[in-house]
Each structure stands twice: as C-alpha cells, then as structure tokens.
Amino acid sequence: MSDIPDQSDRVAVVTGANSGIGFVTARELARRGAHVVLACRDPERGRAALARMREEVPQARLELRHVDLSHLASIREFAAAWDHDRLDLLVNNAGIAMVPYALTADGFESQFAVNHLGPFALTGLLLPHLLATPDPRVIAVSSMAHRFARFDLDNLNAERSYRPAFHYGRTKRATLHFAMELQRRVDAAGLRLRSMAVEPGFTRSNVLTGGVHSGRGRLYLATVHLLLRVAFRPTPEGAKTSLYAATVPDLPGGAYIVPDGPLQIHGEPTRRTRERALHDTVTAQRLWQLSERLTGVTYNLPVTRQI
C-alpha cells in the first residue's frame, strides 16, 4: 500500500467504511490525502470508525454520512444531500453474505437489495456528480462466490427458492455484470468514467459474524472465527484490490482486479480478463433493465454508438 499515489485532489465515497475492507480502503485513501466520505448504515459504528480512523491518520480529511443500501429512500436522501462540487471516486464496498431469508422495506430479498440494487441505485443517483469531474471511477466489490452459483435472472429476488450461499453468489455475479455494463454504456455515450470490479479473495471481515449473524449461536460464531483465523488473510491484504482499482493511474475502464494467487484466493492485485461474466452482454443488459425497473433509477446516458 506504500505505493499508492497522491490522492489529495480527490473526493471519495466508500460504502460500508465502518469495518473490514471498507475501513482499510477509506483509511488508506485518506492517508494519501483524499477527502473521504464514510457512507455507513449504523450511525454508532460509523462514529466509532470515524474516531478510530482519525486517531490512526490524524491529518485525514473525513466525514461520516448515513446510507442504508437496503432502503431506496435512504439512498435517495444520501444522493440528494450531496453538497460537494465533485465526486471523483465511488467505492461500492458494503455488502452482506449468506444471511437468512428476509425482505427489505421495499420488498426485496436482502442480499439482492444490499449487494446489487442498492449500489445500482446509489451509482445512478450520484452519476451527475461523478461526471462533473475529469477522471471519475466507480469500483464494485464482487466475490469469488460468483463462480459457484447458477445465475437465474428470474429468481434474483428469491421468489421461488432461497439458499443463502448460492444466492449470495448470484448477487455478486450481478455486481460484476453491473460494473461491466456500466462501462459499456459510458463508452457508448463517449463519457470519461471508469467502472471496475474487484475481488478481494479470502479476507477476514465481519461479513460472516456481524449483523444478523451475531445472533446465530456460540457454535456458529466459534467455527467461523476459527475459519477466519486459519484460512482467511488479514483485512489489509483483501483491501489491496480495491485500492489498486481506485488509484492505479493507467488502469482501463472495465478492468476486473483479483489476487494473482491460485483460484484468486490470495496474492497481489492483477487484472483478469478470462471470466465469462465479463463478456456476457445479453445477461448484463437484461439485468440492467430489471434493475432500473425495480429501483426506479434510470441512467439517462446519451448513446453515440452501439452498446
């Protein structure tokens, strides 16, 4: 992380910045001079993270703002309240994993809402601010889990069946489709925005122990904590792909950044191009249309050439 270039001319939003990869991503961007907005769902945890980050990086330019990615009204409030004259970087980091079936206030299955529909809506509503800057980037945090679940566009909201782990994989495949389709659409519109996706690999975080998981019993929590210590790498290692995509100057839009080790579980950031989901334009376009309909957020991009 020592080779991250100066970020002092950038304003960044990192969702889920109160813990895990999001915390490290926000902290390191701030350490290099960026003005970082910590976009968090839980105000108390957000304030604790803000205080810790200021202690670790005393010179950091930070602020805390509330957004609940499971609630479209909260996302709209966040976007409507944006009062900076620019937004250079949006890191869609927040997510939930393998939770019991539940519906959000908007009637969406919670993993689908938080991992895909929320970031889709947030990006669309913040797009005018991103496009007001000369070199904006949007980073989507996916997962290697996207490879292990059949992507079913007709069951993304779990109307027919729900298996938490497989549905998590579907939502992270949706994350990847969204990032690539956004790049295709801004390219077609002739706009200077870079949309990228990243995969952190096996990384220690509270995604399997926090939130609803915290009440799942001692045996579950003890088993998961042991697994995290033995098989998962430290959180700063997992944040490397997000920071790489956010800061490497000559990285092209549409890049997919993963660890370079076996099965992309561990390793240093590298670009991966041989992934079926990266090139499945038909599925990505259908998902885009579905997402616009469900969220009510339309990306009004001019089209100057064929998508």
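Being open to solvent by less than 20 Å² (accessible area, probe 1.4 Å) and either assigned to a helix (DSSP H, G or I) or within 19 Å of Ala81 (Cα to Cα) (or both) is the filter here, so list the residues in region 29-49 that pass it.
Leu29, Ala30, Val36, Val37, Leu38, Ala39, Cys40, Gly46, Ala49 - these are the residues of region 29-49 that are open to solvent by less than 20 Å² (accessible area, probe 1.4 Å) and either assigned to a helix (DSSP H, G or I) or within 19 Å of Ala81 (Cα to Cα) (or both).
Which count do you get for residues in region 51-72 that are open to solvent by less than 90 Å² (accessible area, probe 1.4 Å) and either free of Cβ contacts under 8 Å to residues at least 24 places away in the same chain or basic (Lys, Arg) (or both)?
Qualifying residue count for the region: 2.
Considering only region 13-29, I want to know if a residue exists there that is over 16 Å from Val138 (Cβ atoms), modelled with pLDDT of 95 or more and basic (Lys, Arg).
yes
Among what's in region 164-182 and is farther than 10 Å from His116 by Cα and of a type in the set (Gly, Ala, Ser), pick the residue that is surrounded by the fewest Cβ atoms within 10 Å (Cβ to Cβ).
Among those residues, the one meeting the criterion is Ala165.
Name the single residue that is farthest from Val248 (Cα to Cα) among those in region 86-139 being polar (S, T, N, Q) and in a loop (DSSP other than H, G, I, E, B).
Going residue by residue through region 86-139, those that are polar (S, T, N, Q) are 92-93, 104, 110-111, 115, 123, 133.
Then keep just the ones that are in a loop (DSSP other than H, G, I, E, B); that gives 93, 104, 133.
Numbers: Asn93: 18, Thr104: 36, Thr133: 17 Å.
Filtering first and then ranking leaves Thr104.
Scan region 98-106 and tell me whether some residue there is open to solvent by less than 60 Å² (accessible area, probe 1.4 Å), modelled with pLDDT under 95 and at negative phi.
Checking region 98-106: at least one residue is open to solvent by less than 60 Å² (accessible area, probe 1.4 Å), modelled with pLDDT under 95 and at negative phi.
Residue check: is Gly190 over 20 Å from the mean Cα position of the chain (by Cα), open to solvent by 40 Å² or more (accessible area, probe 1.4 Å) and modelled with pLDDT of 55 or more?
yes
Do the conditions hold for Val248, that is, is it at pLDDT 95 or above, open to solvent by 70 Å² or more (accessible area, probe 1.4 Å) and among the hydrophobic types (A, V, I, L, M, F, W, C)? Spell out the reasoning first.
On the way: at pLDDT 95 or above: yes; open to solvent by 70 Å² or more (accessible area, probe 1.4 Å): no; among the hydrophobic types (A, V, I, L, M, F, W, C): yes.
Here the answer is no, as Val248 does not meet what is asked.
The values are calculated or read from the model by the stated rules, or taken from the named source; none is laboratory data. Everything numeric in this text was worked out from a predicted model, so none of it was measured. FYI the Cβ positions are ideal-geometry reconstructions off the backbone, even for glycines, and counts take in every protein chain you see. Keep in mind that these areas ignore ligands, DNA and RNA; they rest on the heavy atoms of the full protein, side chains included. Shrake-Rupley method; radii C 1.70, N 1.55, O 1.52, S 1.80 Å.
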